[in-house]
1. Using mean Cβ contacts within 10 Å as the protection proxy, how do 153-161, 130-138 order, highest first?
2. Each residue of the stretch 73-86 in order: what ³J(HN,Hα) in whole Hz does its phi give by Karplus 6.51 cos²θ - 1.76 cosθ + 1.60, θ = phi - 60°, with x for Gly and Pro?
3. Pick from Ala234, Ala213, Ala42: which residue has the top mean-square fluctuation in a GNM of the chain where Cα pairs under 10 Å get a spring?
4. For the stretch 76-209, build the charge dipole from Cβ charges (+1 Lys, Arg; -1 Asp, Glu) around the Cα centre, then report which of His144, Ser101, Gly167 sits farthest towards its positive end.
5. Suppose we take every Cα in the stretch 244-397 and form the convex hull; what volume per residue is that in Å³?
6. What's the angle, to the nearest 10 degrees (0 to 90), between helix 239-249's Cα axis and the longest principal axis of the chain?
7. Report the far tail of the P(r) of the stretch 85-238, meaning the percent of Cα-Cα pairs longer than 25 Å.
8. Helix 285-294 versus the longest principal axis of the chain: what angle, 0 to 90°, nearest 10, using Cα atoms?
Amino acid sequence: MNRLAQVVRAARARWALSIGAAALSLLALPSMAAGTTAEPPALLDFSATERAQIVAHGPWPPQPRTDASNRAMGQAAAQAWGASLFFDTRLSANQQLSCASCHQPNRAFQDGLATAVGRTAGQRNTPGLLDVAQWRWLGWDGAHDSLWSASLTPLLSDGEMQQTVPGLAERVRRTPELAAGYREAFGQSPPADNTTLVVNLAKALAAYQATLASPRSAFDAFRDALASGNSARAARYPMAAQRGLRIFLGEGRCTVCHAGPLFSNGEFGDIGVPFFVPGGVDPGRYRGLQQLLASPYNRLGTFNDAGATDAGAVGTRHVILEPRHFGEFRVPSLRQLAHTAPFMHNGSLPSIEAVVQHYSQLNEDRLHADGERILRRLNLSDEQAADLAAFLRSLSE
């Protein structure tokens, strides 16, 4: 096994170890506290409609998602070099910051901070990278339509790794180990064209990040048991989580946005979280679309390896910038939720319980007045709130 492949295995091992340790702590649910008795296995009488909704949130894991715009995707050598680059501080101008500085494996590839350090300091929460290959739009505002394009931004941002295209390209050429990694990943020496070299480096980073996937959860075992008609196995799912799931599917209407195996429709919405930031406001999807359409690195540009045949470019070609996009942010996945606190685009909610209370006590006056009104105040009882939180935690076990 070469050294680059060892890097990939080590990164995956660190993540698996951290998830395993966290899962043990999550098993100590409130109902299992000292002096209480666990509820005996039982299964709620879910209706046919509810069962169909539950089954629609799987199976997990999904089939790997390909990206025709990135020829490095799925290539072992590119994944290995991308893994090495992810932890390499030499990609930053001052050689002190790596991708892993903010996307830490032991934190589900997040940083645990309310808002990111650097370019979006005081504005946005650092998004985790698990299952990132499944996303259609990248970033809280969807400013990127590919994982490789999203990987370029922190490299070239003044507030993050502070590189320039010429500076980063020259560092790769003049660093024997980096130049050798490029040759192994792409089968040729680093090219003379600076932009092509840096874009390919980002594509190798994307190839590695595409391997970062959420493990199966207690919900997945329950879902599969229901799908196969194994009621006894399904009854092992905690009753509180079952009750919370019923709220999630029914009166909470959470599945309107948190749909499918990823527990997200991948689109954008206003959920009543304030978007004021120091010195002004965060326009969210509105500015993201402006940046996407102006970027030379979007799927409509010359760096798309599939060119005009890329089916993934259709969305970018047909997006329309509208006033309603102001203050909208991407609907995140709920998988491994317990490992990625704090929550929301601005990191303003510190816990799963706080998220539940946000929707329970939602200030509907903060929502957009135009378009279809999806959200409403849930007014959950304390027991209902605890049940919904128990269900959400089961997506992380």
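Bear in mind that the values in this text are calculations on the coordinates, not laboratory data. Bear in mind that the values here come from a model prediction, so they are computed numbers and not experimental data. Positions of Cβ are backbone-derived with ideal geometry, glycine not excepted, and every protein chain shown enters the neighbour counts.
1. Taking the mean over residues of other Cβ atoms within 10 Å, the ranking is 130-138, 153-161.
2. So the J values, rounded to whole Hz, are 4, x, 8, 4, 5, 5, 4, 5, 5, x, 5, 5, 5, 4.
3. In this elastic network of the chain, the residue with the biggest mean-square fluctuation among Ala234, Ala213, Ala42 is Ala42.
4. Gly167
5. On the way: hull volume 22.4 nm³, N = 154.
For the stretch 244-397, the hull spanned by Cα atoms encloses 145 Å³ per residue.
6. 70 degrees
7. Working: 4623 of 11781 pairs.
Tail of the P(r) past 25 Å holds 39 percent of the pairs.
8. 20 degrees
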